[in-house]
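Here is the structure we will look at, set down as structure tokens.
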């Protein structure tokens with residue numbers, strides 16, 4: 001509208017189009033003087049300003065387009081995308097649950113089968129009662145023979161199984177369904193138990209016997225005190241650092257989390273291990289001590305794994321929430 005007005009104002013009519021203003025009259029006041037260059041310049045300026053105003057006038061936007069743009073800026077998706085995302089997530093959960101169930105049932109079936117078929121070479125004619133009666137004794141004999149052949153490997157295998165089961169119990173205690181456990185976390189704990197706990201404990205009990213070779217009554221409390229101060233501090237730190245490295249965390253984060261959980265982990269062990277180690281050092285022979293300790297470890301690994309993974313998972317969730325909040329703030333600013 002402004003451009004049209006300016007165009008009409010700056011339209012220059014020729015003398016021939018205005019017959020009543022022609023110079024045929026002899027009266028000089030009816031004569032038309034030609035437009036000056038300054039007048040033409042003003043017309044061009046008016047026209048240019050009008051065109052610029054027309055260019056910057058906002059064009060009304062369709063309400064649906066504006067809403068869709070806002071959804072895109074906020075990171076939202078259409079209902080169909082949300083439905084497909086939820087279907088994919090449910091499918092992943094079902095698949096993960098099926099894999100976990102196969103792992104648990106497969107290993108459980110394998111273990112029970114191995115325990116019950118220890119006498120399969122000569123149990124022909126035996127009744128089921130006889131199999132159940134002699135299977136525990138013969139499995140114990142087979143375990144002792146494995147200790148004689150390769151004691152370190154046998155203890156490593158036992159610790160690996162115990163630490164895997166202990167972490168599974170810890171995850172169930174934390175509220176996860178029985179078949180929705182974190183396989184990676186369980187594998188990390190079992191790996192630490194297999195590679196470190198079994199081998200280190202084998203040599204530790206030998207060193208402990210060398211440090212306290214006496215037979216007096218006070219040796220057992222002394223061994224328990226040494227175990228729950230020096231060895232417990234060393235092993236808890238090794239376990240915590242090893243899991244942190246397997247999670248690919250930085251040394252700074254590992255040190256900070258270890259520093260904050262070291263004393264709670266150590267004092268938590270004092271509620272369990274002093275009573276268990278009265279049996280360990282007072283009754284159990286040296287070669288059988290790790291088996292007894294690993295049976296109690298099912299409770300202790302639950303505590304250890306909870307302490308170790310609680311800090312890391314909390315820190316990861318806080319980092320994720322901070323990232324999402326910063327992203328939303330950035331989108332709102334834009």
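The values are calculated or read from the model by the stated rules, or taken from the named source; none is laboratory data. Worth saying up front: this structure is predicted, and the values here are computed from it rather than measured. Every residue, glycine as well, gets a Cβ built from its backbone with ideal geometry; the counts of neighbours run over all protein chains shown.
A compact table of results
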read-out: Residues located in region 244-259, provided they are touching a helix residue (DSSP H, G or I) at 6+ places or on another chain (Cβ under 7 Å) and farther than 25 Å from residue 187 by Cβ; value: none
read-out: Candidate set from region 166-177 (those that are touching a residue at least 12 places away in the same chain (Cβ under 8 Å) and surrounded by fewer than 21 Cβ atoms within 10 Å (Cβ to Cβ)); member that is nearest to residue 97 (Cα to Cα); value: 177
read-out: Options 104, 87: the member that is within 30 Å of residue 179 (Cβ to Cβ), outside any loop (DSSP other than H, G, I, E, B) and modelled with pLDDT of 85 or more; value: 104
read-out: Selection count, region 248-294, where residues are under 22 Å from the mean Cα position of the chain (by Cα) and assigned to a loop (DSSP other than H, G, I, E, B); value: 3
read-out: Elements of type helices (runs of 4 or more DSSP H) in region 128-216, at least 3 residues being modelled with pLDDT of 90 or more and under 25 Å from residue 104 (Cβ atoms); value: 128-149, 151-173, 183-192
read-out: Qualifying residue in region 229-247 (condition: over 24 Å from the mean Cα position of the chain (by Cα), more than 27 Å from residue 210 (Cα to Cα) and assigned to a helix (DSSP H, G or I)); value: no
read-out: So residue 134, is it more than 28 Å from residue 236 (Cβ to Cβ) and not assigned by TED's automatic domain parsing to the domain that holds residue 222; value: yes
